[in-house]
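The values are calculated or read from the model by the stated rules, or taken from the named source; none is laboratory data. None of these values were measured; they are calculated from a predicted model. Reconstructed Cβ throughout: ideal geometry from the backbone, glycine too, with neighbour counts over all protein chains shown.
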Amino acid sequence: MKRTVIKIDEELCNGCGICVEGCHEGALQLINGKAVMISDLYCDGLGACIGECPVGAIELIEKETEPYSETAVMERIHTKGEAVILAHLKHLRDHNQLEWFNEGIDWCAKNGIDLDLTKIAVRKPKQQQSENRKPLEAPCSCPGSTERDFKAEKAKLKFTSANNPVNHNEQAPNIASELQQWPVQLHLLNPQAPFFKNADVLLASDCSAFSHGSFHTEFLKNKVLAIACPKLDSNTESYIEKLTAMIDHSKINTLTVLMMEVPCCGGLIKMANIAKEKAHRNIPIKAIAISVKGEILSEEWV
C-alpha cells in the first residue's frame, strides 16, 4: 500500500544523529556516518524527525510500503526504558493518533510494563481487561493537517423554521457541521486513520458543497469526508491507492461518490471503480450527480 514515510537526502545529511534521538520509534540509525531508515515498518509518517534535522535533509514522501505496526515498534523500543516509551506515546497522542496510542498502552499492560502516564499528562487505564477500557482522549496539535475526530465534539443542530424567517437584526442560530474529522482533502488524508475504520465514506467533488444547500444534512451526515478534484488535483494515481487502502486496510463499509454534472467530475467515480477493482474486498459504491444549481440529477448504486 502507499503511505507517508520519511526520505533522507544522504548528500545533505551530516551524520549529527539528532534525528535518530528524535525518532522514538527506532526507525532511524546512524550507519557509516549517515542517518538511515532501517525499516518502513517502524516509521509512523508523522515527521517528528524533520524538525530535529539542522540541515533539512529529511522530507515526507508517499511510497509503496508495508503498513506501520505499533506492535512492532513497542517490541523494538520497550528495552530502551520508560522514558523512550513515554516519549513515543506522547508523540502519538500529540498527533491525535489515538488508536496507535491505546494499542501501545495495551501492549505494555499485556507484557507487564508499568508506565507512569502522569508524566505525559494522561490518565492511566485500568490494567484489567484493557481491551474494554474507554480510549484516552488527546488534544490536537497543528490545525492545518493534524488528524482530528469530531464525533465526540458534535453539537446539536439548530434549525430555523421555514415559517419563521430569520430576523436579520438578530443573531442567527448556529447550525452545527456534520463533519466528523480533519483534514478532508484526499492528498492530506491517511487512509489508515482511525476514523476510516468500518466507516461510510463520502468522496465529494470540491464544488459540490457550494452548490447543494443541504450538503451536510443530506450527504455528509454519519459519513467520513474526502474531497478531491480530478481535473485540478495532481497525482490522482495516489488517490486510487488511498481509496484502495481504505477498502482493504480500514475496511470501510460503503463509498458514496458525489459529483457535479460537469464532465471532468466523472473522474471521481472512475477512480473509485478502479480502486474497487484493485482491492481484495468488495464494497458497494453509490454515485450521485448534482447540477451546478445543486439539483440531484441521478443517484444509483454502481
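Numerical summary
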read-out: The range 212-224, subset within 20 Å of S298 (Cα to Cα) and in contact with an Asp or Glu (Cβ under 9 Å, 6 or more places away or on another chain), residue surrounded by the fewest Cβ atoms within 10 Å (Cβ to Cβ); value: T217
read-out: Selected residue [touching a residue at least 24 places away in the same chain (Cβ under 8 Å) and within 25 Å of the chain's Cα centre (by Cα)] from L12, L46; value: L46
read-out: Residues of the range 86-98 satisfying the condition of being surrounded by fewer than 23 Cβ atoms within 10 Å (Cβ to Cβ) and either at pLDDT 85 or above or out of contact with any strand residue (DSSP E or B) (no Cβ under 9 Å at 6 or more places or on another chain) (or both); value: L86, A87, K90, H91, D94, H95
read-out: Hits in the range 1-52 - residues which are assigned to a loop (DSSP other than H, G, I, E, B) and over 27 Å from E241 (Cβ atoms); value: E11, L12, C13, N14, G15, C16, G17, H24, N32, G33
read-out: Subset tally (residues that are within 20 Å of L188 (Cα to Cα) and surrounded by fewer than 20 Cβ atoms within 10 Å (Cβ to Cβ)) for the range 251-286; value: 2
read-out: Considering residues of the range 232-250 that are without any contact (Cβ under 8 Å) to a residue 60 or more places away in the chain and among the hydroxyl-bearing types (S, T, Y) only, the residue surrounded by the fewest Cβ atoms within 10 Å (Cβ to Cβ); value: S234
read-out: Total residues in the range 74-100, condition farther than 17 Å from G26 by Cβ and in a helix (DSSP H, G or I); value: 4
read-out: Any hit, the range 56-64, residues being within 16 Å of the chain's Cα centre (by Cα) and under 25 Å from L115 (Cα atoms); value: no
read-out: Qualifying residue in the range 187-194 (condition: surrounded by fewer than 16 Cβ atoms within 10 Å (Cβ to Cβ) and either part of a helix (DSSP H, G or I) or touching a residue at least 24 places away in the same chain (Cβ under 8 Å) (or both)); value: yes
